[in-house]
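To start, the structure itself, in structure tokens.
The values are calculated or read from the model by the stated rules, or taken from the named source; none is laboratory data. Quantities reported herein were computed from a predicted structural model and do not represent experimental measurements. Cβ sites come from the backbone with ideal geometry, for glycine too, and all protein chains shown count toward neighbours.
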Amino acid sequence: MDWDVPALLSQTEDKLAQLFGQSESGPIPNGPAKGTAIIAPGTVYTHDIAEAVNLFVWQGKSFDGPHGVVRNRILAFGLNAIVAEVYKGPSLIDGRECIVIDYSKTSLIAKWVRDEIRLIGPDIYLGRCYWDNKPILYFALQTD
């Protein structure tokens, strides 16, 4: 299946977990990636929550792959902030390789946060966000 954001927003949490688990890490992105939070997957609220988060809180990430750095684009005007290291490593969920976005050494605000992404289709990654090593939500990243 060719995955896109609308298709991901209509999936259940179990389906997203299965998709993440069967996907490979892919290359570390380089450049901007449009983000979509996937909160309350499989419910009637998922699309509305994603739109609100995208408008007011988080628009995505800007990757500097060669230097192993990523910045989140936050707030309504897309401020590049909340820096993290990006590298390949084992997933907390299944131990298989993923792309790790690690805030533990670079951010006072988000030092308990870790993101993991895997490529699920051309130019689209599915991510899992963890707080203190516990999964809390999914997200999508679209690159160009």
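In this structure, is LEU9 within 19 Å of ILE99 (Cβ to Cβ), surrounded by 15 or more Cβ atoms within 10 Å (Cβ to Cβ) and either in contact (Cβ under 8 Å) with a residue 24 or more places away in the chain or over 12 Å from the mean Cα position of the chain (by Cα) (or both)? Lay out the reasoning, then the answer.
Working: within 19 Å of ILE99 (Cβ to Cβ): no; surrounded by 15 or more Cβ atoms within 10 Å (Cβ to Cβ): yes; either in contact (Cβ under 8 Å) with a residue 24 or more places away in the chain or over 12 Å from the mean Cα position of the chain (by Cα) (or both): yes.
For LEU9, the condition - within 19 Å of ILE99 (Cβ to Cβ), surrounded by 15 or more Cβ atoms within 10 Å (Cβ to Cβ) and either in contact (Cβ under 8 Å) with a residue 24 or more places away in the chain or over 12 Å from the mean Cα position of the chain (by Cα) (or both) - is not met.
Which numbered condition trips up THR106, out of (1) part of a strand (DSSP E or B); (2) surrounded by 14 or more Cβ atoms within 10 Å (Cβ to Cβ)?
(1)
So TYR138 clears everything in (1) of a type in the set (Phe, Trp, Tyr); (2) touching a residue at least 60 places away in the same chain (Cβ under 8 Å); (3) surrounded by fewer than 17 Cβ atoms within 10 Å (Cβ to Cβ) except one condition, right? Which one?
Of everything listed in (1) of a type in the set (Phe, Trp, Tyr); (2) touching a residue at least 60 places away in the same chain (Cβ under 8 Å); (3) surrounded by fewer than 17 Cβ atoms within 10 Å (Cβ to Cβ), TYR138 misses just condition (3).
Would you be able to say whether some residue in region 25-41 is buried (at least 18 other Cβ atoms within 10 Å of the Cβ), within 13 Å of the chain's Cα centre (by Cα), free of Cβ contacts under 8 Å to residues at least 40 places away in the same chain and not in a loop (DSSP other than H, G, I, E, B)?
Checking region 25-41: not a single residue is buried (at least 18 other Cβ atoms within 10 Å of the Cβ), within 13 Å of the chain's Cα centre (by Cα), free of Cβ contacts under 8 Å to residues at least 40 places away in the same chain and not in a loop (DSSP other than H, G, I, E, B).
Can you find, within region 78-108, the residue that is nearest to the chain's Cα centre (by Cα) among those that are of a type in the set (Lys, Arg) and farther than 19 Å from ALA17 by Cβ?
LYS88
Counting only residues that are of a type in the set (Gly, Ala, Ser) and touching a Pro at 6+ places or on another chain (Cβ under 8 Å), which one in region 42-89 is surrounded by the fewest Cβ atoms within 10 Å (Cβ to Cβ)?
Quick first cut of region 42-89, residues of a type in the set (Gly, Ala, Ser) only: 42, 50, 52, 60, 62, 65, 68, 76, 78, 81, 84, 89.
If we keep only those that are touching a Pro at 6+ places or on another chain (Cβ under 8 Å) too, we end up with 60, 62, 65.
Working: GLY60: 21, SER62: 17, GLY65: 15.
By that ranking, first place goes to GLY65.
(1) assigned to a loop (DSSP other than H, G, I, E, B); (2) modelled with pLDDT under 95: which one isn't true of GLN11, the others all being true?
(2)
In region 66-88, how many are touching a residue at least 12 places away in the same chain (Cβ under 8 Å) and assigned to a strand (DSSP E or B)?
If we filter region 66-88 for residues that are touching a residue at least 12 places away in the same chain (Cβ under 8 Å), which is where we start, we get 66, 68-76, 78, 80, 82-88.
From what is left, the residues that are assigned to a strand (DSSP E or B) are 69-74, 80, 82-88.
Final tally of qualifying residues: 14.
Quick one: which residue in PHE20, PHE63 is aromatic (Phe, Trp, Tyr), in a helix (DSSP H, G or I), touching a strand residue (DSSP E or B) at 6+ places or on another chain (Cβ under 7 Å) and in contact (Cβ under 8 Å) with a residue 24 or more places away in the chain?
On the way: PHE63 fails: in a helix (DSSP H, G or I).
From the options PHE20, PHE63, the qualifying one is PHE20.
Mind checking which residues of region 122-144 are assigned to a strand (DSSP E or B) and under 19 Å from GLY31 (Cα atoms)?
At the first step, the residues of region 122-144 found to be assigned to a strand (DSSP E or B) are 124-131, 134-143.
Scanning region 122-144 gives ILE124, TYR125, LEU126, GLY127, PHE139, ALA140, LEU141, GLN142, THR143.
Of all residues being part of a loop (DSSP other than H, G, I, E, B) and either hydrophobic (A, V, I, L, M, F, W, C) or modelled with pLDDT of 95 or more (or both) in region 109-121, which is farthest from the chain's Cα centre (by Cα)? Just the residue, please.
ILE109
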